[in-house]
Amino acid sequence: MYNIYVFRTVRNFAHTMKFVEKYLSKHHLLNAPHKWFFAFISSPIHYLEMHYKKRYHLKFIHARKLFLFDMVLLFSLIALLAGTVFWWTYNPSVADLVYLSVRPTHERILSGEYTTYTITYRNDSATTLNSPTLDITLPQNFIIDKVTPEDLFDVDQHVFTLKNIKPTYSGQFSISGWFYGTPDIENPLLATLSYTQEGRKKQEQKISPHVSILRGSVLEMDITLAEKITNNISLPITLDIVNNGDIDLENIKIPLSFPSGVIVSDPNVTK
């Protein structure tokens, strides 16, 4: 029985070798692509057989056993290498399946304008996120007026403490207030959701940055002076300031720069 099996194996190898040698050519690629394709698939067997004949056959007493041992060793090394690569590249984090976004009520924000930022999260993973906290790093000079939900927010730390987030669960928070700053300068806001996967101890984070650029100010200013000026005369210079916001602005300072030779006298302020 063993001899018959060996004979059939050798005969199959020989048939495969002839098939590969005949059809793995440019001619058959262009005229009989299906046969070329099957020859291409069978080519590893062909090259293994060629390798066996050149390196093992008629050189060793137990050539076939030695050849099989070498092949097992080779494939074991390949499997070990693949496992090592998988081990180093495998990332058990589910951060890519956690959605987190920050959106203002409108994109065009004026300095001093009342603004609401909405933070939305959603767990698209198949695991529960335990002990989640949402840390909010607000832009400088953002004055908080209202937070929803208020009972989950630490005003001093700017942190929301959440309940465990189950799979497919989502939620929303909002922070409202007055946004003051210099127009046309980037003002970063950062939302960081920290959690641990159920059954794991390592903390993970999902970070969502947002940049707001103020496109003007609620404080408008206009200067009025005479069109023609001559030497050694006194002319009125009027500086009008209008607050279009909904709260009073105090301690406003406006640095003025005049050309050399101009002397300011008797300044006064009216409301």
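Derivation of every value follows stated rules applied to the coordinates shown; laboratory data play no part. Keep in mind it's a predicted model, so treat the numbers as computed, not measured. Heads up, the Cβs are rebuilt from the backbone with ideal geometry, glycines too, and the neighbour counts pull from every protein chain shown.
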- Along segment 212-225, Karplus-curve 3J(HN,Hα) (6.51, -1.76, 1.60; θ = phi - 60°) to the nearest Hz, with x for Gly and Pro, reads 10, 10, 5, 9, x, 8, 6, 9, 9, 9, 9, 10, 10, 8
- Message: For the pair PHE258/SER76, report the inter-label distance in nm, with labels modelled 7 Å from Cα in the Cβ direction.
- Response: 9.4
- Task: Determine, for SER260, SER25, the number of other Cβ atoms within 10 Å of each Cβ, and report the residues in order from fewest to most.
- Result: SER260, SER25
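Mind checking the dipole of segment 95-217: about its Cα centre, +1 per Lys or Arg Cβ, -1 per Asp or Glu Cβ, Debye to the nearest 20? Write down the numbers at each step before the final one.
Values: 11 positive and 14 negative charges, 80 e Å.
So the magnitude is around 380 debye.
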- Message: Test of understanding: what is the full-extension gain from HIS158 to LYS35, defined as 0.36 nm times their sequence separation minus their Cα-Cα distance?
- Response: 37.4 nm
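Give LYS146/LYS202; LYS163/LYS202; LYS163/LYS201 a once-over and call out the pairs whose C-alpha atoms are over 22 Å from each other. Display every interim value, and only then the final one.
On the way: LYS146/LYS202 33 Å; LYS163/LYS202 18 Å; LYS163/LYS201 17 Å.
Table pairs above 22 Å Cα-Cα are LYS146/LYS202.
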